[in-house]
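The values are calculated or read from the model by the stated rules, or taken from the named source; none is laboratory data. Since this is a predicted model, take the numbers as computed values, not measurements. As a convention, Cβ positions derive from the backbone with ideal geometry for all residues, glycine included, and neighbour counts pool all protein chains shown.
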Amino acid sequence: MNIHEYQAKEILKGYGVTIQEGIVAETPEEAQAAAKKLNAETGTEWYVVKAQIHAGGRGKGTVNETGSHGVVLAKSLDEVPEKAAGILKGTLVTHQTGPEGKVVNKVLIAQDVYYPGESEPSEYYLGILLDRAKGCNVIMASTEGGMDIETVAEETPEKIIKEWIDPTVGLQAFQARKVAFALGLEGEAFKGMVKFIFSLYKAYEATDSSMFEINPVLKTSDNKILAVDAKVDIDDNALYRHKDIAELRDYTEEDPAEVEAAKSGLNYVKLEGNVGCMVNGAGLAMATMDIIKLSGGEPANFLDVGGSANAQTVEAGFRIIMKDPNVKAILINIFGGIVRCDRVASGVVEAYKNIGEINIPIIVRLQGTNAEEGAKIIEESGLKVYSAIVLKDAAAKVKELI
Ligand code: GDP
Ligand code: MN
């Protein structure tokens, strides 16, 4: 699960990670009030207005309606509301959002941390993620912070330092020092970075995250180390033990069909094709997608209704698939193990009647317990539903109907 920058920074701060302070706002008035409060708390006189969306590249991105960038600097309190107005409710397009962009509902008003001083501020990259091949977490760091790290990884991979963490002993002090040293830091900044890495790693483990990306980590002109940006991805499978984090979920950032599917307990992933499919079991769903491709179609989705499909789950699945205008046919492929085929067939017929105007062909392939009875129910329903027992026949019907 992804969370917003302002939420991520709040969590990191709780683990002692030093951050660029900020206050979230939903209107230009709230933005000004937030700036005033920040001024009182931190003494900052410049403010950064940052669009809060689940995508990076905001600084270089553009708001369609106003032409404003997604991260802008306000050099006085009075500039804050107008800069916020240029971003709020607008559609921000970045290289990560796709051309349709994302609507901005909130902005983070942050203190300016690039103030002049004894040295130039420097930007670094720091990431923690799971290295599945090695079976342990890896810390990645680079002096090329602020930039597109994918480009750095591709063109100058030697500029990315990696430090793998042995899960049995955890992060060792020498490893944090090694990273800080490789970043070319010394003195206060070196000590600050070592502490930063430790706090960050603690936060990563304690929150069951699968990825942290802090880009940039800033060395300020007076040698403080701060998280200026924070991208945090929490492992969905661990959310049951982090109720407070689970509550941070922002459904407006997610695909509406996937949200509805999750609420109905269905496993749904939208794809680009024209044949909707509804299957019980992830393995059978994968095999069904293969069959659809072999028959000349393209799957419009992955949908696993689980082992205990009933009329309600079938109906919910139908509704979700029907939301996709690309769908030209639906293939239902259910193996009746615990659930009986005649019950599924009744469910399909019932759902079909409840939803009403389904104008696309539906091919139902039922195999297993009471398959014959199931096929009979569908045949006798008089609906535009095609029954098949053998998967090969189902595939042939898909081909014929699309
Ligand atoms: P991203 O573009 O979505 O990755 O958003 P970031 O939070 O990384 O911010 C983008 C850029 O805004 C940074 O790389 C900085 O160059 C700039 N920026 C962020 N905070 C400040 C600040 O406090 N002062 C100034 N002058 N620039 C900032
Ligand atoms: Mn960034």
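At-a-glance table
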| read-out | value |
| --- | --- |
| Criterion: among the aliphatic types (A, V, I, L, M) and out of contact with any strand residue (DSSP E or B) (no Cβ under 7 Å at 6 or more places or on another chain) - qualifying residue of L248, L226, L284, L266 | L248 |
| Near pairs, Cβ below 6 angstrom, 6+ apart or cross-chain, from segment 28-54 (on the phi > 0 side of the Ramachandran plot) to any residue that is modelled with pLDDT of 95 or more | none |
| Complete set of residues in segment 215-231 that are of a type outside the set (D, E), within 13 Å of ligand 1 (Cβ to nearest atom) and either surrounded by fewer than 24 Cβ atoms within 10 Å (Cβ to Cβ) or under 19 Å from V24 (Cα atoms) (or both) | N215, P216, L218, T220, S221, K224, L226, A227, V228, A230, K231 |
| Hey, G67 among the small types (G, A, S), out of contact with any Cys (no Cβ under 8 Å at 6 or more places or on another chain) and within 10 Å of ligand 1 (Cβ to nearest atom) or not | no |
| So R365, is it in the same structural domain as K293 (by TED's automatic domain parsing), in contact with a helix residue (DSSP H, G or I) (Cβ under 6 Å, 6 or more places away or on another chain) and outside any loop (DSSP other than H, G, I, E, B) | yes |
| Conditions (1) within 14 Å of ligand 1 (Cβ to nearest atom); (2) touching a Gly at 6+ places or on another chain (Cβ under 9 Å); (3) not polar (S, T, N, Q); number of the one not met by A34 | (1) |
| Residue check for A395: more than 19 Å from Y268 (Cβ to Cβ), out of contact with any strand residue (DSSP E or B) (no Cβ under 6 Å at 6 or more places or on another chain), assigned by TED's automatic domain parsing to the domain that holds K263 and in contact (Cβ under 8 Å) with a residue 12 or more places away in the chain | yes |
| Count of residues meeting criterion [buried (at least 20 other Cβ atoms within 10 Å of the Cβ) and not in a strand (DSSP E or B)] in segment 376-396 | 4 |
| Whichever residue in segment 317-360 is in contact with a helix residue (DSSP H, G or I) (Cβ under 9 Å, 6 or more places away or on another chain) and among the polar types (S, T, N, Q) and, among such residues, is modelled with the lowest pLDDT | N354 |
| Single residue of segment 70-95 satisfying the filter (more than 22 Å from Q32 (Cα to Cα) and in contact with a strand residue (DSSP E or B) (Cβ under 9 Å, 6 or more places away or on another chain)) that is farthest from ligand 1 (Cβ to nearest atom) | V93 |
